[in-house]
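Every read-out reported here was derived from the displayed coordinates using simple, explicitly stated rules and does not represent laboratory data. Because the structure is a prediction, the values reported are computed rather than measured. Cβ placement follows ideal geometry from the backbone for every residue including glycine, while neighbour counts extend to all protein chains displayed.
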Amino acid sequence: MIYNFFYNLFGSEIIAGFISAALPLLIFILPFALIAVLLERKVAGHMQDRLGPMRVGYHGILQTIADIIKLLQKEDIIARENDKLLFNIAPILVFAGSYAAFAAIPFTSAYIGANIDLGIFYIIAVTGLVVAGILMAGWASNNKYSLLGAMRSAAQIVSYEIPTILVVLTLVMFTGTTNLMTLSENQTALFWNWNIFGGPELSLAKFLLIPFMIIAFLIIYISTLAEVNRTPFDIPEAESELVSGYHTEYSGMKFAMFFLAEYANMFAVSAIVSALFFGGYHSPFGYLGNTLDIQWLIPVEQFFWFTFKGVFFVFVQMWLRWTLPRLRVDQLMTASWKYLIPIAFVNLLIVGIITLI
Amino acid sequence: MNIYDLIFYLFAALTLISAFFVVTNKNIVHSAFYLLFTFFGVAGIYVLLGADFVAIVQLIVYVGGILILLLFGVMLTNKITNVEIKTGTINIFSATIGVGLFAGVLLAAVLYAPWKVTLLQEPVSTTGILGNLLMNEYVLVFELLGIILLIALIGAASIARR
């Protein structure tokens with residue numbers, strides 16, 4: 001455990017906990033955002049039959065670094081009529097909300113920022129900070145497009161939180177734990193022990209559960225897609241209607257913080273979905289470290305599989321973004337309240353009944 | 001003073017200062033946003049007391065639900081920021097008596113309550129215990145609360161349909 005290492009190093013559980021919870025920022029979120037921004041542009045390019053960025057470095061691989069240098073030296077513009085205090089706090093709040101979620105995500109069996117029992121509920125709770133930050137940004141910008149974007153975004157996140165929580169509840173009821181670490185540990189060994197294939201226990205219930213688990217996965221994937229404001233649910237920042245929504249007025253590093261928060265969120269929801277349904281950090285085919293009898297290799301492999309699953313779901317999000325058109329506001333609300341929530345409720349009941357027999 | 005005390009005072013100061021600003025601020029949107037920090041500070045104090053489930057429910061219900069609704073209400077109300085909000089003092093005499101009495105009651109409660117003192121210990125997860133209590137001992141209260149919430153929901157929907 002990395003926490004134990006820090007505990008031995010500093011001799012204080014508070015400092016050790018603090019450092020181990022803060023670790024994902026530098027070693028994970030920043031490099032991930034660097035790669036994901038480039039990946040997004042490359043994926044977009046190739047899906048539209050063009051090449052994407054090509055000028056900086058080999059096939060444009062240094063493009064994001066060039067962009068970051070550009071953003072760093074940009075002037076930080078605050079319009080005269082902006083609410084200066086809230087305008088400056090908002091990006092920090094949004095980023096803090098999405099960054100705090102990483103503390104409860106298990107990266108490998110050896111590393112989790114904070115192994116708390118209520119992991120998944122904690123993640124749902126801190127996402128509330130993101131909504132408040134978005135509303136703050138929209139209001140403080142004193143711009144009607146920003147305010148409209150913030151309103152749409154908050155309404156959308158609040159609506160789609162309900163199907164997400166219902167699916168999480170289904171899984172909590174099925175597995176009997178809210179700790180993401182235990183949840184991942186339970187789905188050990190080969191891939192048919194994953195929750196999407198009915199969990200590790202071999203019985204009749206396992207086979208009955210598979211279709212309902214797939215429905216649950218589809219619901220949580222759609223609603224988390226809406227929660228991170230990605231197309232087809234990107235009306236909060238619809239370029240053709242609202243310039244760019246709640247971060248229209250932001251420039252330089254503050255804009256970069258919103259951007260970083262968006263990519264961090266994309267990975268966080270993908271990691272949660274993979275921890276709930278796809279075995280988290282577990283390998284689908286067993287470990288090379290077990291075969292060769294090298295213990296330290298196992299966490300490395302687990303980290304690889306965790307990142308692989310996360311990045312795969314992020315890739316699907318990008319794929320959907322460049323394939324599907326945007327929904328209208330009323331279609332968006334209809335999709336959540338009239339379809340996803342009732343289906344999620346019925347699914348919750350059915351999974352409960354199957355678990356009992 | 002150890003590091004836990006320091007963290008406690010940090011959260012306590014956050015709660016008190018932001019609550020003070022909620023009451024005294026003239027801008028109603030700023031007040032609503034200060035409320036965010038008050039709720040957050042209270043959640044932190046719950047965590048320090050070992051009540052992990054209550055802390056997270058505090059965040060989900062108050063920050064994720066009530067505060068967002070409040071902000072929606074404030075922002076969608078036309079020209080609410082131009083309304084003159086009175087934060088001055090009136091009726092000093094009667095106010096002093098009222099506040100004095102209330103402070104006396106609170107102080108008496110704090111001083112004479114039989115506080116349960118335990119040593120600092122590793123917090124245990126309270127979720128399972130709470131669930132057992134709600135489903136066994138307090139099941140009637142729990143169901144009644146559920147019915148009340150359902151009535152409120154139906155009422156809100158029927159008012160909105162008019």
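With +1 assigned to the C-beta of every Lys and Arg and -1 to the C-beta of every Asp and Glu, and no other charges, what is the dipole magnitude of chain B about the Cα centre in debye, to the nearest 20?
Using only the charged Cβ atoms, the result is roughly 680 debye.
Hey, rough spin-label estimate for B:Leu106 and A:Val329, points 7 angstrom out along Cα→Cβ, what's it come to in nanometres?
4.2 nm
Roughly how many whole Å is it from the C-alpha centroid of the range A:69-127 to that of the range A:29-63?
24 Å
Which one, B:Ala95, A:Ile105, A:Leu324, projects farthest toward the positive side of the charge dipole computed for the protein assembly as shown from Cβ point charges (K/R +1, D/E -1)?
Value computed over the given set: A:Leu324.
As a test of the definition: which semi-axes, in Å, follow for the protein assembly as shown when you take the square root of five times each eigenvalue of its alpha carbon gyration tensor? Largest first, please.
Semi-axis lengths for the protein assembly as shown are 37, 32, 26 Å.
How do A:Ser184, A:Ser251 line up, fewest other C-beta atoms within 10 Å first?
By the 10 Å Cβ count, ascending, the order reads A:Ser251, A:Ser184.
In the Gaussian network model of chain A, springs joining C-alpha atoms below 10 Å, which of A:Val273, A:Val346, A:Val172 carries the largest mean-square fluctuation?
A:Val346
What is the order of A:Tyr246, B:Tyr9, fewest Cβ neighbours within 10 Å to most?
Going from least to most buried by this count: B:Tyr9, A:Tyr246.
In nm, give the distance between the simple-model label positions of B:Leu134 and A:Lys74, each being 7 Å from the Cα along the Cα-to-Cβ direction.
4.5 nm
Using the Kirkwood radius over Cα pairs, work out the Stokes-Einstein diffusion coefficient for the range A:83-356 at 10 °C and 1.306 mPa s, in µm²/s as a whole number.
For these conditions, the coefficient is 82 µm²/s.
Ranking request for peptides A:283-290, A:85-92, A:224-231: highest mean number of other beta-carbon atoms within 10 Å first, then the rest in descending order.
Sorting A:283-290, A:85-92, A:224-231 by mean packing, highest first, produces A:224-231, A:85-92, A:283-290.
With no solvent and one point on each alpha carbon, what is the Debye value of log10 I(q)/I(0) for the range A:16-115 at q = 0.12, 0.22 Å⁻¹?
Values returned for q = 0.12, 0.22 Å⁻¹ are -0.64, -1.09.
Which of the listed residues, A:Gly45, A:Phe32, A:Phe5, is farthest toward the dipole's positive end in the range A:1-132, when Lys, Arg count +1 and Asp, Glu count -1 at the beta-carbon?
With unit charges placed on the Cβ atoms, the residue in question is A:Gly45.
Could you give the semi-axes, largest first, of the ellipsoid that matches the range A:169-322, computed as the square roots of 5 times the alpha carbon gyration tensor eigenvalues and rounded to whole Å?
After scaling each eigenvalue by five and taking roots: 34, 20, 12 Å.
From the backbone phi of the range A:302-307, what are the Karplus-calculated ³J(HN,Hα) couplings (6.51 cos²θ - 1.76 cosθ + 1.60, θ = phi - 60°) in whole Hz, Gly and Pro given as x?
4, 4, 4, 5, 4, 5
For chain B, just the Cα set please: Rg and Dmax, both in angstrom.
Rg and Dmax of chain B, Cα atoms, are 20.2, 59 Å.
Choose one of A:Gly17, A:His282, A:Leu340: the residue whose Cα lies farthest towards the positive end of the charge dipole of the protein assembly as shown (beta-carbon charges +1 Lys, Arg; -1 Asp, Glu; about the Cα centre).
A:Leu340
Go ahead and set up a Gaussian network model of chain B, Cα springs under 10 Å, then flag whichever of B:Gly98, B:Gly65, B:Gly73 fluctuates most.
For chain B, modelled as a Gaussian network with Cα springs under 10 Å, the answer is B:Gly98.
What's the long-distance tail for the range B:1-83, i.e. % of Cα pairs beyond 15 Å?
Result: 61 percent of Cα pairs exceed 15 Å.
To the nearest 20 Debye, how big is the dipole of the protein assembly as shown about its Cα centre, given +1 on the beta carbon of each Lys and Arg and -1 on that of each Asp and Glu?
The dipole of the protein assembly as shown has a size of about 1200 debye.
For the residue pair A:His59 and A:Asn88, what label-to-label distance in nm results when each label sits 7 Å from Cα along the Cα-to-beta-carbon direction?
4.4 nm
Add -39500 (n - 2.57) for each DSSP H run of 4 or more in chain A, then divide by its residues: what number comes out at 222 nm, to the nearest 500 deg cm²/dmol?
-21500 deg cm²/dmol
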